[in-house]
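Written out below as structure tokens is the structure these notes cover.
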Amino acid sequence: MNNLAGIGVSPGVAVGPIRRIVQVTSDEPIAATPREVFNALEKVAADLENAAHHIELDIAKDVLGAQAMMAGDPALVEAIGARLTDDITYPDVRPHVTDSFSGFKAALTALGGYFAERTADLDEIMNRLLAKLSGTEQEALVLTAPSIIVAEDLTPSDTAQLNLQFALALVVEKGGPTSHTAIVARGLGIPAIVGCAGILDLEEGTTLLVDGREGKVYLNPTDSDIESRQHREEALRARAAAVVGPGRLKDGTHVTLLANAGDAAGALAAASVGTEGIGLFRTELLFLDSQTEPTVAEQVAMYKSVFEPMKGLRVVVRTLDAGSDKPVPYINAIHEENPALGVRGWRLTRTSNDVLSRQLEAIAEAAKGIDIDLWVMAPMINTPAEAQDFATRARAVGIKKVGVMIETPAAALHADKVLAEVNFGSFGTNDLTQYVMASDRLDSRLSDMTTTWHPAVLRTIQIACNSAKTLNKSTGVCGESAANPYLAAVLLGLGVNSLSMAPSAVSEVRGFLSTVDFAQCVEAANQAVNAMSAEEAELLAKAVLEK
Ligand code: PEP
Ligand code: MG
């Protein structure tokens with residue numbers, strides 16, 4: 001079977017023919033007056049509102065409603081007005097319109113992460129506006145038979161127009177894990193893959209097998225390929241439903257399962273799936289939601305709201321990881337050529353030292369009087385000196401369990417010295433993978449390379465785990481890799497003690513781990529570490545784990 005790879009954003013296996021959704025584009029000049037442009041924009045907002053009203057899927061409804069608000073935003077009208085000042089018929093308004101939208105997009109892109117992915121909303125509004133002005137709006141897309149929807153990216157209005165009861169899976173060339181395609185697919189409970197290079201080159205009608213869990217697309221699969229993948233998927237789901245309680249391997253070995261959270265709602269979700277606590281409390285949200293640094297009192301209130309639901313449980317707080325994919329405008333103010341390699345995470349002590357001091361103070365204060373097992377760690381720790389600096393400062397405010405994220409190759413390779421300074425380590429496999437593989441984690445063109453399955457990444461983790469064992473320090477994983485049941489088993493085999501993941505992934509990982517022995521995890525890890533490629537590592541590990 002040939003295959004294509006992308007980022008799996010909604011699990012499940014589907015088989016069916018391709019139906020390509022072609023986004024119509026045209027460069028013809030559009031003659032219009034400013035009034036006609038504003039009227040068309042009003043109609044776009046009304047269309048979106050109408051679509052939001054009629055669509056049944058709640059998530060798509062919210063997204064369309066938010067887009068309608070963006071289209072009606074007076075600031076957008078003002079920006080377009082600033083470029084169309086004369087009361088005349090412009091021979092071509094297209095460049096004026098695209099320029100004004102570009103300004104808005106640049107502002108969102110500068111915010112990064114979630115906000116950068118919302119630029120697709122502005123593209124969507126702009127395309128609708130240009131289509132309306134040029135009279136090239138598409139007819140509703142009619143699906144008449146169950147199909148796998150393939151597109152460059154699916155906008156909310158594409159999905160609003162599609163009769164999605166016939167959609168078996170969604171596969172798009174662009175987009176990221178929080179794109180609309182991902183959100184809609186999860187809402188529908190169908191498999192989805194984003195960032196799938198090459199998908200648009202396939203012929204309409206080609207039969208595909210889409211594995212949304214693995215992020216893989218197989219062309220013209222055989223019956224036995226289909227059967228084995230469907231079987232694996234069903235077994236995973238059945239096991240997930242059947243196993244409850246603390247994480248345990250088949251031989252009884254205890255595995256600490258934790259959840260990642262960013263706010264009080266995330267903490268409630270972590271508690272509701274029966275984890276032993278939060279393995280990564282991302283504190284960036286509060287800073288991202290604010291125009292200026294939140295005060296210590298604001299921080300204390302926010303941290304308490306996360307600690308309260310976790311009474312009697314572990315909470316691993318991560319200090320501010322501003323920068324790179326999570327820029328906080330008032331902290332990361334200086335332009336960086338290479339932000340992933342720049343002043344981010346604990347390195348901010350170089351430029352915004354007091355922000356980190358105030359945060360440590362707020363974390364310690366918030367935990368007072370709440371019965372939680374508080375662990376605090378710093379992101380992007382690279383050297384023993386940085387680990388020592390963090391540990392000294394955290395201990396000075398009364399924090400007892402201090403740790404570091406191991407997410408740079410330097411920290412992993414030098415873990416015998418780095419971990420000696422602290423109580424624990426936590427692998428941030430999202431960043432560790434991007435740095436070991438020298439591949440931007442946000443660039444979907446490189447998604448075949450940014451995989452923790454790559455033996456180079458697994459070997460790096462193994463080196464750090466061996467150091468941790470010698471020092472008798474505990475290590476966990478809090479990157480996305482912990483949410484992949486097979487990879488979770490391999491990570492345990494390499495020597496990590498806890499796994500922290502999105503709350504939605506916990507039951508499946510718990511279910512799968514209950515079917516494997518520790519000896520199998522170790523064997524799977526050995527085979528994966530010695531493989532030639534990520535693909536081979538995954539195949540070999542799976543074979544061992546499914547024995
Ligand atoms: C990681 O890098 O794996 C991690 C957990 O942190 P983040 O994704 O927030 O950078
Ligand atoms: Mg990270």
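Bear in mind these aren't lab numbers, they're just calculated from the coordinates by the rules spelled out. Keep in mind it's a predicted model, so treat the numbers as computed, not measured. Backbone-built Cβ (ideal geometry, glycine too); neighbour counts: all protein chains shown.
By average Cβ neighbour count within 10 Å, what is the ranking of 479-492, 388-401, 265-278, 433-446 from highest down?
By packing density, highest mean first, the sequence is 479-492, 265-278, 433-446, 388-401.
With a ≥ b ≥ c taken as the square roots of the eigenvalues of the C-alpha gyration tensor of the chain, please select rounded if a/c is under 1.5 and otherwise prolate if a/b is larger than b/c or oblate if it is not? Oblate shape, in that a/c is at least 1.5 and b/c is the bigger or equal ratio.
Highest mean first, the peptides 514-525, 328-339 sorted by other C-beta atoms within 10 Å per residue fall in the order 514-525, 328-339.
Once the Cβ-Cβ distance of Ala238 and Glu535 is raised to the sixth power relative to R0 = 30 Å, the FRET efficiency obtained is 0.65.
With an 8 Å Cα cut-off and a minimum separation of 6 or more residues, compute the relative contact order for the chain in percent.
Reported relative contact order: 14 percent.
In order along region 77-88, the Karplus-derived 3J(HN,Hα) couplings, from 6.51 cos²θ - 1.76 cosθ + 1.60 at θ = phi - 60°, round to 4, 5, 5, 5, x, 5, 9, 10, 8, 8, 8, 9 Hz, and Gly and Pro are given as x. Length gained on full extension, Arg248 to Arg395: 49.7 nm, using 0.36 nm per residue less the C-alpha separation. In order along region 61-75, the Karplus-derived 3J(HN,Hα) couplings, from 6.51 cos²θ - 1.76 cosθ + 1.60 at θ = phi - 60°, round to 4, 4, 5, 5, x, 5, 5, 4, 5, 4, 5, x, 5, x, 5 Hz, and Gly and Pro are given as x.
FRET efficiency for the Lys417 to Thr33 pair, using the beta carbon distance and R₀ = 45 Å, is estimated at 0.05. Taking the fewest neighbouring Cβ atoms within 10 Å as the starting point, the ordered list for Arg350, Arg19 is Arg350, Arg19. Counting only pairs 8 or more places apart or on different chains, how many lysine pairs in region 243-545 have C-alpha atoms closer than 24 Å? So the count works out to 19.
Starting from the Cα gyration tensor of region 34-134, take the square roots of the eigenvalues, sort them a ≥ b ≥ c, and report rounded, prolate or oblate (rounded when a/c is under 1.5, otherwise prolate if a/b is larger than b/c, else oblate). Write down the numbers at each step before the final one.
Details: a/c = 2.42, a/b = 1.35, b/c = 1.79.
In terms of gyration-tensor shape, oblate.
Taking neighbour counts of Cβ atoms within 10 Å as a proxy for exposure, in what order, fewest first, do Met69, Met532 appear?
On the way: Met69 14, Met532 9.
Taking fewest neighbouring Cβ atoms as first place, the list is Met532, Met69.
The separation of region 365-432 from region 506-547, counted between C-alpha centres, amounts to 28 Å. Placing +1 on the Cβ of every Lys and Arg and -1 on the Cβ of every Asp and Glu, with no other charges, gives the chain a dipole of roughly 2180 debye about its Cα centre. Extension gain, Gln230 to Asp373, is 47.4 nm, computed as 0.36 nm per intervening residue step minus the present C-alpha separation.
Please state the shape class of region 276-337: rounded when a/c is under 1.5, otherwise prolate if a/b exceeds b/c and oblate if not, all from the C-alpha gyration tensor. Please report the intermediate quantities before stating the final value.
Numbers: a/c = 3.98, a/b = 1.80, b/c = 2.21.
Oblate, since a/c reaches 1.5 and b/c is not below a/b.
What does the extension gain come out to for Asn353 and Glu203, with contour length at 0.36 nm per residue minus their alpha carbon separation?
Working: separation 150, 0.36 × 150 = 54.00 nm, distance 5.54 nm.
Between Asn353 and Glu203, full extension yields 48.5 nm more.
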